[in-house]
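Encoded as structure tokens, the structure appears first; notes follow it.
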Amino acid sequence: MATDPVRWTCGPHNSWLVRFVTYAPHGLLGGVALWLAVGVAALAANGAVSGSTVALLLIVVLVGGPMSLLYAWWIASYGANGSRWVGKLVGTDQLTGRGLAVATVLGAFAIAGGITISPRLLAAALVVAVLLSVFGSSLAVAVELDPVAGRLRVGPESRFAGATAVDLADATGAWHFSLGPPSAWRVTVLRRIAGPPLIVPIPKRRVAAFDRALERGLAAAPASEPATASTTRPMRIALAAIGLGFLGLAVGFGALVVQTGQTAGGRVFYPIVLLATFAAIALGYAGYESWLARRAASTSDR
């Protein structure tokens, strides 16, 4: 049995699902940019860009422009503390120029098809793209397993020194699923006593070693204290009230649209999706914090 630390990297080249969830958000955003560029070029070609429009664009570029764009580029590239936050949210380490170009063209066609078929379908696709960007960044990562120490490190390939380190003794369980048949990879969602669940892509040749290390970790005593709520009860109540308020607005807006039948070409569905998303985030976080508080209270009563 091997006892040395083993390391592997999962990326778009390993699985069609990883390739899809990595490139899909970039493709949709690139598709939006492509259609905007086509629209501006078409207006310019038809002479529809008037002198006032040009003046407005110059004001936007010159007044809010160079310094703001430079600052935005700096923050996006390095962050306030020198970290690339964009790379943390989306899997940018293993993207290629050709893949981005293909994804952009496909995204533009998807946007056009969504507008033609149903604007609601396009709104749902944008929400899915946001979720995929987070999920894709969890799959396109480098992983290191130390079976002797029972430790796991997961993080982006180019910044593996700052990877998330996990002691398998802190694991409370795991879910497993395949990256689509036929696949040489398995994804494990590791539940932890401290911290959110961790997504770990594992090649089939490493599954046995990982499962043995996980079994030893589950049988060992936890090395960390359980996570506790970072909010007070009034804060959670206020957060839940905000979430319910967003949900009420979404439901009311939707009922008004159904009653009047005025969909404005489907554009009214975008604020409904946005309000529902805010409601889900607020209520989800309030529920998670409440669960942590109840778990801490039940543990202290023992």
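The values are calculated or read from the model by the stated rules, or taken from the named source; none is laboratory data. Model, not experiment: these values are computed from the prediction. As a convention, Cβ positions derive from the backbone with ideal geometry for all residues, glycine included, and neighbour counts pool all protein chains shown. Quick note on the areas: whole protein, heavy atoms, side chains included, nothing else; ligands and nucleic acids left out. Shrake-Rupley method; radii C 1.70, N 1.55, O 1.52, S 1.80 Å.
Between a residue in region 118-130 that is not assigned by the TED database to the domain that holds Tyr270 and any residue that is at pLDDT below 70 and part of a helix (DSSP H, G or I), which pairs come within a Cβ distance under 7 Å, given they are 6 or more apart or on different chains? Pairs that qualify, where the first residue is not assigned by the TED database to the domain that holds Tyr270 and the partner is at pLDDT below 70 and part of a helix (DSSP H, G or I), are Ser118/Gly266; Pro119/Gly265; Pro119/Gly266; Arg120/Gly266. With a requirement of 3 or more residues that are at pLDDT 70 or above, the helices (runs of 4 or more DSSP H) lying completely within region 81-158 that satisfy it span 97-117, 119-139.
The requirement of being open to solvent by 40 Å² or more (accessible area, probe 1.4 Å), closer than 30 Å to Asp170 by Cβ and at pLDDT below 80 is fulfilled nowhere in region 259-279; no residue meets it. If I ask for residues that are open to solvent by 80 Å² or more (accessible area, probe 1.4 Å) and either closer than 22 Å to Ala296 by Cα or not assigned by the TED database to the domain that holds Gly284 (or both), which ones from region 223-252 would you list? Listed by number, the residues that qualify are Glu225, Thr228, Ser230, Arg233, Pro234, Met235, Ile237. Close contacts from region 202-229, counting a first residue that is at pLDDT below 85 and a second that is surrounded by 16 or more Cβ atoms within 10 Å (Cβ to Cβ) and of a type in the set (Asp, Glu), with Cβ to Cβ under 8 Å and a gap of 6+ residues or different chains, come to Pro222/Asp170; Ala223/Asp167; Ala223/Asp170; Ser224/Asp167; Ser224/Asp170; Ala229/Glu289.
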